[in-house]
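A short worksheet on the structure shown next.
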Amino acid sequence: LIGDFMALGAVGVIGVVANVAPRQTAELCRVARPGGDAVRCAELTAFLAPLVRDLFIETNPAPMKAALAFMGLIEDDVRLPLVALEPESRECLLATLREAGLVSSRRCSASRRRRKRANARRNSAIRRASTSPLSVGLRGE
């Protein structure tokens with residue numbers, strides 16, 4: 001729809017896909033304007049379509065955050081009331097990001113290592129907090 005709205009005179013877009021593929025989205029906005037390059041617009045629309053589909057595979061913004069984490073741009077962490085993507089959705093999103101050339105296998109491995117370190121730090125903090133004198137007193141022990 002980005003191309004359609006730009007062709008009708010829109011001057012920009014606020015879109016989820018722009019967080020994951022900003023260059024392609026910006027280029028689409030440029031070439032989709034009246035008098036722009038219709039062929040390139042169609043190419044970019046086809047390129048972005050699978051990303052748009054999978055960035056809404058579950059409730060937004062969790063898929064976008066997962067995508068940015070796969071790309072190594074942010075930590076792979078969501079706060080309540082958000083929940084992490086289901087494993088099947090993660091794999092689907094990762095495959096789409098790989099097909100688009102937005103992540104490599106090496107980056108995904110680094111993302112997994114960062115996620116494991118963050119989980120270990122969080123679990124360690126939880127263990128320390130659960131054995132602190134304050135939490136022991138709160139439990140009535």
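Here are a few things to note about the model shown:
- Conditions (1) open to solvent by less than 40 Å² (accessible area, probe 1.4 Å); (2) not in a helix (DSSP H, G or I); number of the one not met by I74: (1)
- Of all residues in segment 30-63, those being part of a loop (DSSP other than H, G, I, E, B) and either of a type in the set (V, I, T) or in contact with a Cys (Cβ under 6 Å, 6 or more places away or on another chain) (or both) number 3.
- For the criterion of being open to solvent by 20 Å² or more (accessible area, probe 1.4 Å), part of a helix (DSSP H, G or I) and not hydrophobic (A, V, I, L, M, F, W, C), E27 passes.
- Of all the criteria given as (1) touching a Lys or Arg at 6+ places or on another chain (Cβ under 8 Å); (2) modelled with pLDDT under 85, the one not satisfied by V31 is (2).
- Some residue of segment 57-69 being among the acidic types (D, E) and in contact (Cβ under 8 Å) with a residue 40 or more places away in the chain: no
- Across segment 36-71, the qualifying residues are those that are open to solvent by 10 Å² or more (accessible area, probe 1.4 Å) and among the charged types (D, E, K, R), and the one among them that is nearest to G9 (Cα to Cα) is D37.
The values are calculated or read from the model by the stated rules, or taken from the named source; none is laboratory data. These numbers were taken from a predicted model, which means no experiment stands behind them. Please note: Cβ atoms are built from the backbone with ideal geometry, for glycine as well, and neighbour counts cover all protein chains shown. Quick note on the areas: whole protein, heavy atoms, side chains included, nothing else; ligands and nucleic acids left out. Shrake-Rupley method; radii C 1.70, N 1.55, O 1.52, S 1.80 Å.
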